[in-house]
Every structure is written in C-alpha cells, then in structure tokens.
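Contents: one structure, followed by commentary.
The values are calculated or read from the model by the stated rules, or taken from the named source; none is laboratory data. Note that this is a predicted model, so its numbers are computed, not measured. All Cβ positions, glycine included, derive from the backbone under ideal geometry; neighbour counts span all protein chains shown. Surface accessibility is based on the protein's heavy atoms, side chains included, excluding ligands, DNA and RNA. Shrake-Rupley method; radii C 1.70, N 1.55, O 1.52, S 1.80 Å.
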Amino acid sequence: MNQRTVVTSPDAPPAIGPYSQGIATSSFVFLSGQIPLVGNTGKIVQGMIKEQTEQVIFNIKALLASQGLDLSDVVKVTVFLANMTEFSAMNDVYTAHFTGEYPARSTVEVSRLPRDVRVEIEVIAQVRA
C-alpha cells in the first residue's frame, strides 16, 4: 500500500488555504503551487517577475530539501503566469536553477493568481531509490 505523508518546511510559507504544502508518496512528491511569499513573514517578496520567480524557487527548494530532494529530482513543472509577456524574464531565472536534464514543463497564462502575484509554480519530484 502506498502511504502518503504531508510535506512541510519551516523555510517555506505555510499554505494560505485548505491544502498542504505538498504530499509525499513512496515514489513521488507533489508540491502545491508556490507563490512568492517570504516564509518567515508571509509577505510577498518585493520586485518584479525575476524577484518573484527567485522566491518561488527558493520555496520549492526548501520543500524539496525537507524530503531529501533537490531540483534535479523534479520531473514535471507547471508555471502559471499572470502575463505571458513576462515569460522570458521568468525563464531566465528558471534556467539558472534548473540545469542538466530539464524536467517536463507546461507554462500557462492565467487571468489572476492568489494575492495578485505574477507567478506560481508547482512541481512533481521523483523520490530517490
């Protein structure tokens, strides 16, 4: 039977609604979408898309680290952008962090994101054998 455990990290902001920061199974870790909240303040990071993307990836790294994983374990990424014209700037930050074999990725523009942020990213990572 495949057990599920809730993923948490004190270095990432807590969920702002009725959901978990993530769920781990014996094979995969599914992280909820991360927005650019600073973990210890709960405030949105100051700046534009690049600064917001940096904070989102910092939060993702913290949650993955709580499971003994890192970005190299990520197999699927979904990026939600408030404005697709910011794709290139977001992608510059993304490619600075995701190196080597890139995970599968989808990027979509949405009409609005929580707290009116510019970017939200969710990932699925494979648990190390």
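What are the residues in segment 59-71 that are in a helix (DSSP H, G or I) and touching a strand residue (DSSP E or B) at 6+ places or on another chain (Cβ under 9 Å), if any? Give the steps one after another, and end with the answer.
Restricting attention to segment 59-71, the residues satisfying the condition of being in a helix (DSSP H, G or I) are 59-65, 71.
Hits for segment 59-71 are ASN59, ILE60, LEU63, LEU64, LEU71.
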Checklist entry - Across segment 22-43, what is the number of residues that are in contact (Cβ under 8 Å) with a residue 40 or more places away in the chain and either surrounded by fewer than 19 Cβ atoms within 10 Å (Cβ to Cβ) or in a loop (DSSP other than H, G, I, E, B) (or both)? => result 9
Item to check | Scan of segment 1-21 for residues that are surrounded by fewer than 13 Cβ atoms within 10 Å (Cβ to Cβ) and of a type in the set (D, E, K, R), ordered by number | outcome: ARG4
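Going through THR99, THR53, THR107 one at a time, which residue ends up being polar (S, T, N, Q), farther than 22 Å from ALA24 by Cα and touching a Leu at 6+ places or on another chain (Cβ under 7 Å)?
Numbers: THR99 fails: touching a Leu at 6+ places or on another chain (Cβ under 7 Å); THR53 fails: touching a Leu at 6+ places or on another chain (Cβ under 7 Å).
Checking each option against the conditions leaves just THR107.
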Next on the checklist: Based on this model, can you work out whether LEU63 counts as open to solvent by less than 60 Å² (accessible area, probe 1.4 Å) and touching a Phe, Trp or Tyr at 6+ places or on another chain (Cβ under 7 Å)?
Outcome noted: no
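What residue, among those in segment 81-129 that are acidic (Asp, Glu) and surrounded by fewer than 17 Cβ atoms within 10 Å (Cβ to Cβ), is farthest from LYS50 (Cα to Cα)? Walk me through how you get there before you give the answer.
Of all residues in segment 81-129, those acidic (Asp, Glu) come to 86, 92, 101, 109, 116, 120, 122.
Applying the additional criterion that residues be surrounded by fewer than 17 Cβ atoms within 10 Å (Cβ to Cβ) yields 92, 101, 109, 116.
Numbers: ASP92: 8, GLU101: 22, GLU109: 16, ASP116: 15 Å.
It comes out as GLU101.
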